[in-house]
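Since the structure comes first, as structure tokens, the remarks are kept for the end.
Nothing in this text is a laboratory measurement; each read-out follows from the coordinates by a stated rule. Here the structure is a predicted model, which is why all the values come from computation and not from measurement. For neighbour counting, all protein chains shown are included, and Cβ atoms are generated from backbone atoms with ideal geometry for every residue, glycine included.
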Amino acid sequence: METIERIKALSDAFGPSGFEDDVAAIVRNELEEYETYTDHMTNVRCEKEPGSDKPNVMLDAHMDEVGAIVQAIKPNGTIRFLPLGGWSRMCFPSSPFLIRSRDGKDIPAVIAVKPPHFMKASEKNAVPEVADMVMDVGATSAEEVKALGIGIGSPCVPDVKCRFDEERGLFYGKAFDDRIGVACTIEVLKRLKEEEVPCNVQASFSVQEEVGERGVRSNAEALKPSVMICYEGCPADDTFSEDYMIQAGLGRGPMLRHMDVSMITNWRFQKLALDLAREKGIPVQESVRSGGGTNGAMVNQSYGVPAIVIGVPVRYIHSSNCWCRLDDFENAVQLGVELCRILDNSAVSKL
Ligand SMILES: [Zn+2]
């Protein structure tokens, strides 16, 4: 696939945490020129020069997206669900979703709350608890829902189709956290396939990040990275922050994170990346965050590996409807490519 088509396909792919199979299939197809390995959690990995004595530079992106899982079917044919990943429940009501049936069909549903006509005065301006919301597939009985192949444990994702505005270089869609990072990783691997670089470029496409960075451990255990570059779709802050606080605005380049709740970034690696970006004329943004967390932290802590986060700004991540930009993607890819060109044994030993 061409880059734009690949990003659209990745955004559209069904893959809430724990159910990343469709995304993994796209990754394997798109990286046919590499020998990929898939483990039993559905983590996918590959490397450019296995067994070389060059340092291992592991690019990671998580394949899962925030979604939901069916908890119970009510007698009236509506469906109780639990969120998978960090949603604000304010984003649920009225959202179209797809529920994957036992035989792999995606059944359209809508997240419903009690209509205003039936609300008490006290309910009108309150956001209901998730337990008071339901997914509705238009059924009138539990039997009808079960006949559709929906049951306890059926996975769900927002029913949103990715669109690309060519004139503005703008994507609309779901799951850019972290499918845009998956696209970055694929792109870097493709661009470097035939190029001699001083490191062994590795790719980790990991599962279950949104429920606590669970998958990446298995990839890191196998790949034994010397350093890690964590590609993320990171929350854009340019629509509700004062100018001076904007650290991840659309169209301003990828964001390199100095700190979030999970990690204080190795400042030497961070400086190396920022200096390189400036030298190569790649626009970047820097951030210090009071929230957030990435796979970078998991690998950093578990293996003592220096990790940086390269984030493509995405507006409204962890909701159904998101925006991100092609130029930010392109600059994130370019920075990754340039890093792989300079990360030799000597550079890595100084981090
Ligand atoms: Zn993410």
For region 280-328 and region 39-116, distance of Cα centres in Å: 20
How far is it, in nm, from the label point at Gln301 to the one at Val261 when both lie 7 Å from their Cα along the line to the Cβ? 1.2
Relative contact order, percent, region 67-158 [alpha-carbon distance under 8 Å, six or more residues apart]: 45
Rg to Rh for region 67-158: what is it, with Cα atoms only and Rh by Kirkwood? 0.97
Backbone N under 13 Å from the Asn29 label point (7 Å along Cα→Cβ), restricted to region 5-23: 5-14, 22-23
For Asp275 and Glu123 in the same chain, what is the full-extension length gain: residue separation times 0.36 nm, less their Cα-Cα distance, in nm? 49.4 nm
Efficiency of FRET from Cβ geometry, Lys161 and Glu49, R₀ 51 Å, rounded to 0.05: 0.85
Kindly write out, for region 192-199 in residue order, the coupling ³J(HN,Hα) from the Karplus curve 6.51 cos²θ - 1.76 cosθ + 1.60 (θ = phi - 60°), rounded to whole Hz, with x marking Gly and Pro. 9, 3, 9, 9, 7, 10, x, 10
Can you tell me which lysines have their Cα less than 16 Å from the Cα of Lys54? Leave out same-chain residues fewer than eight positions away. Lys193, Lys224, Lys350
Using R₀ = 51 Å, calculate the FRET efficiency as 1/(1 + (r/R₀)^6) where r is the Cβ-Cβ separation of Leu82 and Asp344; round to 0.05. 0.60
At q = 0.20, 0.21 Å⁻¹, what base-10 log of I(q)/I(0) does the Debye formula yield for region 102-249 when every alpha carbon is treated as an equal point scatterer in vacuo? -1.31, -1.33
Starting with the highest mean, order 154-161, 285-292, 73-80, 16-23 by the number of other Cβ atoms within 10 Å, averaged over the residues of each peptide. 16-23, 154-161, 73-80, 285-292
Could you give the size of the charge dipole of region 75-188 about its Cα centre, using +1 on the Cβ of each K and R and -1 on the Cβ of each D and E, expressed in debye and rounded to the nearest 20? 280
Would you mind getting me the FRET efficiency between Glu195 and Asp132? Use the beta-carbon distance for r and R0 = 51 Å, nearest 0.05. 0.40
Under 15 Å Cα-Cα from Lys114, which aspartates and glutamates qualify once same-chain neighbours fewer than 8 residues away are excluded? Glu123, Glu129, Asp132, Asp136
What number, in percent, do you get for the relative contact order of the chain if the mean sequence gap of Cα pairs under 8 Å and at least 6 apart is divided by its residue count? 23
For region 5-54, just run the numbers: alpha carbon Rg, then divide by 2.2 N^0.38 Å, N being how many residues it has. 1.29
Of the chymotrypsin sites (Phe, Trp or Tyr not before Pro) in region 243-351, which ones lie in a loop per DSSP and count no more than 11 other C-beta atoms within 10 Å? none
What distance in nm lies between label points placed 7 Å from Cα along the C-beta direction at Asp106 and Ser241? 3.2
Which Cα, out of Leu98, Cys230, Val44, lies furthest along the positive dipole direction of the chain (beta carbon charges, K/R +1, D/E -1)? Leu98
Rg to Rh for region 1-105: what is it, with Cα atoms only and Rh by Kirkwood? 1.07
What does the charge add up to near Met41, with Lys and Arg as +1, Asp and Glu as -1, over the other residues with Cβ less than 10 Å from its Cβ? 0
Kirkwood estimate for region 217-271, i.e. one over the average of 1/r between Cα atoms, Å: 13.5
Looking only at Cα atoms, what is the convex hull volume of the chain per residue, in Å³? 143
Would you please put 179-189, 117-127 in order of how densely packed they are, using the mean number of other Cβ atoms within 10 angstrom per residue and starting with the highest? 179-189, 117-127
